[in-house]
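The values are calculated or read from the model by the stated rules, or taken from the named source; none is laboratory data. This is a predicted model, so every value here is computed, not measured. Neighbour counts are summed over all protein chains in view; Cβ atoms, including those assigned to glycine, are modelled from backbone coordinates with ideal geometry. We work out accessible area using only protein heavy atoms, side chains counted, and drop any ligands, DNA or RNA first. Shrake-Rupley method; radii C 1.70, N 1.55, O 1.52, S 1.80 Å.
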Amino acid sequence: VAKRALEALTRDAEPAVRRAALSALGPEQRELAKSVAGRLNQEAEWPLRATAAEALGRMAKGQAEPAVVEPLTRAALSDPYALVREAAARALAAVAGNAALPTLRQLKERDPEPRLRGLAERLSKELE
């Protein structure tokens, strides 16, 4: 019952409710990761995309499932907001480990944001 209620809150019409629900997610809600990942890149508001990426990093840490890795990769490489790309890169490193290295290399070489290029370099070194 609690799982269904929390999942419903992540889909609430009110952005503040979705953000609070996403902020509360952690490893205990691992089974919701695919649902959250499926909506990551569809969220209209960038702060919610960043919060969703952070939640995925906590929820799916070490579980490199394609249904989670692919949306995080897409967000890390192509979201128009640097803070979302940053959150997605951190989450991707936590979720996918060494499998995140190709994406982190792309960010390090091509991202327009210097801070994100530096983060990608640090995360890559930590994973290597």
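Can you find a residue in the range 32-47 that is within 23 Å of Ala120 (Cβ to Cβ), part of a loop (DSSP other than H, G, I, E, B) and not hydroxyl-bearing (Ser, Thr, Tyr)? Yes, the conditions are met somewhere in the range 32-47. For the range 61-90, the set of residues classified as in contact (Cβ under 8 Å) with a residue 12 or more places away in the chain and of a type in the set (Ser, Thr, Tyr) consists of Thr73, Tyr81, listed by residue number.
Considering only residues that are outside any loop (DSSP other than H, G, I, E, B) and open to solvent by 80 Å² or more (accessible area, probe 1.4 Å), which ones fall in the range 85-113? It would help to see each step written out before you state the result.
Of the residues in the range 85-113, the ones outside any loop (DSSP other than H, G, I, E, B) are 85-110.
Scanning the range 85-113 gives Arg90, Asn98, Arg105, Glu109, Arg110.
When the range 1-60 is filtered for residues that are free of Cβ contacts under 8 Å to residues at least 24 places away in the same chain, open to solvent by 70 Å² or more (accessible area, probe 1.4 Å) and of a type in the set (Asp, Glu), the ones remaining, listed by number, are Glu14, Glu28.
Can we say Ala64 is touching a Gly at 6+ places or on another chain (Cβ under 9 Å) and modelled with pLDDT of 95 or more?
Details: touching a Gly at 6+ places or on another chain (Cβ under 9 Å): yes; modelled with pLDDT of 95 or more: no.
When the stated conditions are applied, Ala64 does not pass them.
Summed over the range 50-72, the residues that are assigned to a helix (DSSP H, G or I) and touching a helix residue (DSSP H, G or I) at 6+ places or on another chain (Cβ under 9 Å) give a count of 16.
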